[in-house]
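**Student:** Structure in structure tokens, see below.
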Amino acid sequence: MATISEVQIEGVTLLKLGGGLTFEGVVPLTRPFESATRSGAVVVNLADVQTVTTPGISLLLSAHQRLGQTGGRLVLCSVPPLLKDVLRRCKLDRVFTFAVDDEAALQILKPKSLDA
């Protein structure tokens, strides 16, 4: 069974996904995940994801596209090595932005200072 939790940090939505992002796992996550990825800056922490199939990858791709259309941005973090390898083999490492952990992802999404 897949899980989702959401927290707001400095204007960024941090989603933690866990369990299996399979057809059965994605179905109950779809509505809350889509709601959380409508606009703005979103970090998706995948550290607790054990399995991913096509529906799970589609869920992430849809969020990336939806956010791109609204001027938002998606960063994936704490991606397990096997999942990162699958995304790389599908050439999706050219689509998604990756970060090592939540903190690094938040730094990527942090607005640039006007003083810099």
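We did not get these values from a lab; they are worked out from the coordinates using the rules stated. Computed from a prediction, not measured in an experiment: that's the story for all the values here. Please note: Cβ atoms are built from the backbone with ideal geometry, for glycine as well, and neighbour counts cover all protein chains shown.
**Student:** Take 84, 16 and order them by how many other Cβ atoms sit within 10 Å, fewest up front.
**Tutor:** Neighbour counts put them in this order, fewest first: 84, 16.
**Student:** Amide H of residue 53 versus every other amide H placed in the peptide plane: which residues, excluding those fewer than 5 positions away on the same chain, fall under 5 Å?
**Tutor:** 21, 22
**Student:** Using amide H atoms built 1.01 Å from N in the peptide plane, name the residues 5+ places from residue 45, or on other chains, whose amide H lies under 5 Å from its own.
**Tutor:** Residues meeting the criterion, in which the H sits 1.01 Å from N, are 15, 16, 17, 77.
**Student:** At 0.36 nm per residue, minus the direct Cα-Cα distance, what do residue 3 and residue 58 gain on full extension? Give it in nm, one decimal, please.
**Tutor:** Numbers: separation 55, 0.36 × 55 = 19.80 nm, distance 1.66 nm.
Extending this stretch completely gives an extra 18.1 nm.
**Student:** In deg cm²/dmol and to the nearest 500, what is the mean residue ellipticity at 222 nm of the chain if only DSSP H runs of at least 4 residues count, each as -39500 (n - 2.57), divided by the residue total?
**Tutor:** -12500 deg cm²/dmol
**Student:** Give the residue from 78, 5, 58 lying farthest towards the positive end of the charge dipole for the chain; charges sit on Cβ (+1 for Lys and Arg, -1 for Asp and Glu) and the dipole is referred to the Cα centre.
**Tutor:** Value: 58.
**Student:** Taking neighbour Cβ counts within 10 Å as the exposure measure, how do 102, 93 sort from fewest upward? Kindly include the intermediate steps, with their values, before the conclusion.
**Tutor:** Values: 102 19, 93 15.
Going from sparsest to densest Cβ surroundings: 93, 102.
**Student:** What is the dipole size for the stretch 3-107, taken about its Cα centre, with +1 at each Lys and Arg Cβ and -1 at each Asp and Glu Cβ, in debye to the nearest 20?
**Tutor:** Value, rounded to 20: 440 debye.
**Student:** At a 10 Å Cβ-Cβ cut-off, how would you order 49, 86, 27, 12, fewest neighbours first? Working shown, then result.
**Tutor:** On the way: 49 23, 86 16, 27 11, 12 19.
In order of increasing Cβ crowding within 10 Å: 27, 86, 12, 49.
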